[in-house]
1. Hey, can you tell me all the residues within the range A:85-110 that are in a helix (DSSP H, G or I) and either of a type in the set (Lys, Arg) or facing chain B (nearest Cβ under 9 Å) (or both)?
2. Would you confirm, using the coordinates I've provided, whether B:Val54 is surrounded by fewer than 24 Cβ atoms within 10 Å (Cβ to Cβ), hydrophobic (A, V, I, L, M, F, W, C) and at pLDDT below 90?
3. Among the residues of the range B:436-449, is any under 22 Å from B:Leu237 (Cα atoms) and either assigned to a loop (DSSP other than H, G, I, E, B) or not hydrophobic (A, V, I, L, M, F, W, C) (or both)?
4. Being assigned to a helix (DSSP H, G or I) and under 25 Å from the mean Cα position of the chain (by Cα) narrows it down to one residue among B:Thr395, B:Thr418; which is it?
5. Looking only at the range B:1-45, which residues are exposed (fewer than 13 other Cβ atoms within 10 Å of the Cβ) and outside any helix (DSSP H, G or I)?
6. I'm trying to understand the selection: among the residues of the range B:398-409, which are more than 14 Å from B:Glu330 (Cβ to Cβ) and over 25 Å from the mean Cα position of the chain (by Cα)?
7. Would you call A:Val36 modelled with pLDDT under 90, facing chain B (nearest Cβ under 8 Å) and surrounded by 12 or more Cβ atoms within 10 Å (Cβ to Cβ)?
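The values are calculated or read from the model by the stated rules, or taken from the named source; none is laboratory data. No experiment lies behind these values; they were computed from the predicted model shown. Don't worry about glycine lacking a Cβ; one is built from the backbone with ideal geometry, like all the others, and counts go over all protein chains shown.
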Amino acid sequence: MNLVRFIDFLRDRLSLVIKACIGVLALLVIADIARVVLSHGHEAAEATGEHAEAAHGFWAHLYHVAETIPVFWSVFGFIACVLIVFISKWYGHLKVGRTEIMAKEDFYNE
Amino acid sequence: MSNLWIHPSLIFIVGGLLLTVVPQAMRKVWLILVPTIAFGLILKMSLNLGTFGVVHVAGFELTFGRVDRLSQVFGYIMGLMAIIGTLYGLHVRRSAEHIAAWTYVAGSIGALYAGDFITLFLFWEVMAIASTFLIWFRGRDQSVATGYRYLLVHMAGGVALLAGIMLTYRATGSLAFNPLDVANPTAGTWLITIGFLLNAAVPPLHAWLPDAYGEATFNGSVFMCAFTTKTAVYALLRGVPGFQILIPLGVIMALYGVVYAVLENDSRRLLAYHVISQVGYMVAGVGLANLDTPFGRLAFNGVCAHAFAHILYKGLLFMGCGTVLHQTGESKFTELGGLYKKMPLTFILTLIGGLSISAFPLFSGFVSKSMIVQAGFDSHMLWVGFLLMLASAGTFLHTGLKVPYFIFFGKNNCKPQTWEKAKDPVWNMTVAMSIAAFLCIFIGSYTPYLYSKLPLQDVVYQPYNTGHVMETLQILLFTALGFFLMLKKLTPEAKISLDLDIIWRKGGPAFLWLAKKPIQAVDNFVGEIYNAGGLIPLMRTSRLVGIFDSAVIDGIVDGFASGFRNFGARLRGAQRGAIQDNLTVAFAAAAVLLLAFIFIF
């Protein structure tokens, strides 16, 4: 089937595919820097001004950063991913009685 | 006028009953025809909104057909999903499976169009009972126990709902299913909300969902993932829009599902945890949906849009993983891998579902989820927006990456016979998945299709602007980067993750001990007082208690419970242990406690 052949074609050139993906990420970062720098003067400042009045503290600060610093959401996405994996794994190995949250498959049929 | 109105649920129920007498040659035609007629009927109802099917029973006014824009948007997508789901299981020979699925759909659609709480409750219970069969029909040893757990949890939720309805009726004198006063919630409002929240699988009332959806038949889960939780979302949106407690609950839900999805090894249980996560967005949206505010109106539309999109992409994902299960008999990542070579079409279609749920631009999640997130930011509750964004990264991590990767790529863990059996499915399953996949892309690419169906037409929302697209792409692509960097850590382990269902799975014996010892002690003590005291007022009370005991408890609760037990005994064939007996006792006791609570109130 053609689809399988296409996937195999890509898998045979894995290092090239990886390089292309890194290229896409780099392009995305550059595009976002351009976007924020271009719109920085008016739009972003107005938007944050409005929200900063209504809320203070951590989240308001984060919002301000999100609106003004380019590539914020790239960093957010990456950190989110790492946080989710580590927190979940930590949770999975918590002790509950004699077992961990991640228990043996026959836990319920002893 | 009202006598011309035909309820779409009726089509499903009558169609299901007639399925047993339809000749074999006509069977597949009939299976397609019935949901199509029902869907046509729902479409036609859009032309004539209003209230239909009003019936007077024992002094109560029951409204079977409240047709407005809110019930229509849910009715439309559920009617459509019934066609897709039936098509997917078209080759299933056992009529009872189709009848159960259609009765379940009928319950769901009946609840959507219910104009009063009694009608809502009736269809609510139909839904719970009919869907239990979709688990039992799996036919494994553990299916029976899982089905009972599912049924009992939903019966408990039903009791809470009914209690809330009774209290609300006593307080207001009205049974109309309209928005409750969420600014000053009464005990009735709380109980009704708890009943809804249980069906929406809000923690800590959620553990039934992965338990059931992981165990149901390959096509049963396709129905179940679409109807129960989304009917509950509809009920919340209709009954308690703007109930603020739902905002934190929804956000917790969205993150809770993500954490368990990291740990999960069974693909369908992973998807089930992601149902919890996605419904979390909707529950938070209902909490935001205060119709007096612009962000609340956006959230109101957002909940409808997200439920609409969710039914299609989650159905598609369950169809994809259901296909792998149907073909190979395996659903665990540690028993699968590398299947793209054998099931390329299934891979592509599952991937489309994964990209849709992850809210990639041009896919359906992008145009629906963002409405709720935007409403969160607009409400100035910025933490809602950010934490929902965090959950979005988790969604892509699991459903967009983990599911396709560890089934279709990754290390090939397939046993020789699994590998041998793996191939793309029969035509009807492929067509059903393709329709859902097409709609996922269509909704994401052509927004008027979905947006024109939303209830509040004055709300303007435009998902495609540079900022939003860039934001989304950055989060998703950098999450993907994290995924591939941490691939080793993410490799599934052959384990199960304990969830709160441990309370009733391991707590059964503990509960029985509790029921036996202290209650027996109290019983003896009370008996002593009766014997020793012999006071007249006390005697009168005890006589009343006796009447109450024999008439209400023995009659209703025991009758109900033993009915189910007998039914189960006939169904199960060979059944180990006394789990049903234990559960029935536990259920009866819980029902008595609840009833006692209401009477004292």
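1. A:Val85, A:Phe86, A:Ile87, A:Ser88, A:Lys89, A:Tyr91, A:Gly92, A:Phe107, A:Tyr108, A:Asn109
2. Details: surrounded by fewer than 24 Cβ atoms within 10 Å (Cβ to Cβ): yes; hydrophobic (A, V, I, L, M, F, W, C): yes; at pLDDT below 90: yes.
Yes: the conditions hold for B:Val54.
3. Yes: one or more hits.
4. Values: B:Thr418 fails: under 25 Å from the mean Cα position of the chain (by Cα).
Of B:Thr395, B:Thr418, the one residue that is assigned to a helix (DSSP H, G or I) and under 25 Å from the mean Cα position of the chain (by Cα) is B:Thr395.
5. B:Met1, B:Thr20, B:Val21, B:Pro23
6. B:Tyr405, B:Phe409
7. It is false that A:Val36 is modelled with pLDDT under 90, facing chain B (nearest Cβ under 8 Å) and surrounded by 12 or more Cβ atoms within 10 Å (Cβ to Cβ).
Okay, residues lined up against (1) surrounded by fewer than 23 Cβ atoms within 10 Å (Cβ to Cβ); (2) among the aliphatic types (A, V, I, L, M):
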{"residue": "B:Ser143", "(1), (2)": "yes, no"}
{"residue": "B:Tyr148", "(1), (2)": "no, no"}
{"residue": "B:His154", "(1), (2)": "no, no"}
{"residue": "B:Phe177", "(1), (2)": "yes, no"}
{"residue": "B:Gly188", "(1), (2)": "yes, no"}
{"residue": "B:Ala201", "(1), (2)": "no, yes"}
